[in-house]
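Reading through the structure tokens given below for one structure.
The values are calculated or read from the model by the stated rules, or taken from the named source; none is laboratory data. Computed from a predicted model, the values in this text were never measured in an experiment. In this analysis, Cβ positions are derived from the backbone assuming ideal geometry, glycine residues included, and neighbour counts consider all displayed protein chains.
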Amino acid sequence: PSPMIVYARVSQGFLPVLGVNVTAIIENEGGNQVTLELWDNGVGADTVKNDGIYSRYFTDYNGNGRYSLKVHAQARKNIARLSLKHRNKALYTPGYVENGKIILNPPRPEVAEDVAEAKVGDFSRLTSGGSFTVSGAPPNGNQTPVFPPGTIADLEAKFKGDLIQLSWTASGNVLDKGKGKFDVKFKICY
């Protein structure tokens, strides 16, 4: 089967709510349950960071049949916040190819990190996401990973003297399953 994208939109009116703990509970007909933490980090299944849509890939199929989905969103200790900032959702293209030559666009304008926000009180919501049917899954979840690692979305390069430091968050070995921060330094040689 294909990977399933599980997502939940957390909002107050039309404004996204950030900093919420969102968990999906997926259960098959045999009662096998998988708990999946959903993220709003712009990596993996989540395409835009801090838009109030919390997402993850689901690949832990345990046989064919019907699966049910519930989503639990919880905010505690006054950490949830309402984003009041209008976000430009236009796709930025760093360049294009014309007659075999790469033409670069101007750099994307920097967006201030100090997002206009308002605190949201503590809350807890549980909702049903319905159900879906899976076919083509190996029985009892005995499968080797057939999905590739997730793409790297936050590669950063910094010059430090005659060194270049690369930093990125490594994806898991199956789409967005597993994370780790890596830093690599190397020297420029002429």
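Listed here are the residues, each with its yes/no results for (1) loosely packed, with under 15 Cβ neighbours inside 10 Å; (2) under 20 Å from LEU126 (Cα atoms); (3) in contact (Cβ under 8 Å) with a residue 60 or more places away in the chain.
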position	(1), (2), (3)
VAL17	no, yes, yes
PHE58	no, yes, no
LYS77	yes, yes, no
TYR96	yes, no, no
LYS101	yes, no, no
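Would you mind stating whether ALA157 is closer than 30 Å to GLU29 by Cα and either out of contact with any Lys or Arg (no Cβ under 8 Å at 6 or more places or on another chain) or modelled with pLDDT of 80 or more (or both)?
The answer is no for ALA157.
Here is a check on your reading of the model: is GLU98 acidic (Asp, Glu) and not assigned by TED's automatic domain parsing to the domain that holds ASP122?
yes
Could you list, in sequence order, all residues of the stretch 42-56 that are of a type outside the set (Lys, Arg) and crowded, with 17+ Cβ neighbours inside 10 Å?
Across the stretch 42-56, the qualifying residues are VAL43, GLY44, ALA45, ASP46, ASN50, ASP51, GLY52, ILE53, TYR54, SER55.
Would you say VAL22 is surrounded by 21 or more Cβ atoms within 10 Å (Cβ to Cβ), within 14 Å of ALA75 (Cβ to Cβ) and touching a His at 6+ places or on another chain (Cβ under 9 Å)?
When the stated conditions are applied, VAL22 passes them.
Looking at the stretch 119-152, which of its residues are surrounded by 13 or more Cβ atoms within 10 Å (Cβ to Cβ) and modelled with pLDDT under 70?
Residues satisfying the conditions are PRO138, GLY141, GLN143, PHE147, PRO149, GLY150.
Go through the stretch 66-116 and give me each residue that's in contact with a Leu (Cβ under 6 Å, 6 or more places away or on another chain) and modelled with pLDDT of 85 or more.
Once the filter is applied, which keeps residues that are in contact with a Leu (Cβ under 6 Å, 6 or more places away or on another chain) and modelled with pLDDT of 85 or more, the stretch 66-116 yields only HIS72.
Return the total of residues in the stretch 61-78 being more than 21 Å from the chain's Cα centre (by Cα) and farther than 16 Å from GLY130 by Cα.
Of the residues in the stretch 61-78, 6 are more than 21 Å from the chain's Cα centre (by Cα) and farther than 16 Å from GLY130 by Cα.
Looking at the stretch 19-37, which of its residues are closer than 25 Å to ASP122 by Cα and of a type in the set (A, V, I, L, M, F, W, C)?
Of everything in the stretch 19-37, those that are closer than 25 Å to ASP122 by Cα and of a type in the set (A, V, I, L, M, F, W, C) turn out to be VAL20, VAL22, ALA24, ILE25, ILE26, LEU36.
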